[in-house]
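Heads up, the thing below is written out as structure tokens.
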Amino acid sequence: MNISYNSSKYGLYTMELIMKNADELGSLLKKRRKYLKQTQQAVEDISGISASTISDIECGKNFPKLDTLLVLLELYGLEMNIDVKKIDS
């Protein structure tokens, strides 16, 4: 997963790259939810995140807000790591 910064020091990721990662993230979250044998409705009941939002995330239509992503990661027993990317000078 990439995080974009609005600074030339860090570079900007293109919307295409972010959307590609939204598809990959959504697919990962969907696989994990199904592995845990949870429906989107069950996740909504537990987390308060609407089933339609979960569906949009899983289909790659929307990239989740950070707070939503953190709730889903915790619920699914996943974690996120952010590393500093080396930038060529």
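In table form, for the structure just shown:
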item	result
Charge sum, other residues only, whose C-beta stays under 12 Å from ARG33's C-beta, Lys/Arg counted +1 and Asp/Glu -1	+3
Percent RCO, i.e. relative contact order, over the stretch 15-76, from Cα pairs under 8 Å lying at least 6 residues apart	45 percent
Proxy reagent accessibility, fewest Cβ within 10 Å first, across VAL84, VAL43	VAL84, VAL43
Principal axes of the stretch 15-76: Cα extent on each, largest first, Å	32, 21, 19
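Where a number appears in this text, it was derived from the coordinates with a stated rule and is not lab data. Note that the coordinates shown come from a computational prediction; the quantities given were computed from them, not determined experimentally. FYI the Cβ positions are ideal-geometry reconstructions off the backbone, even for glycines, and counts take in every protein chain you see.
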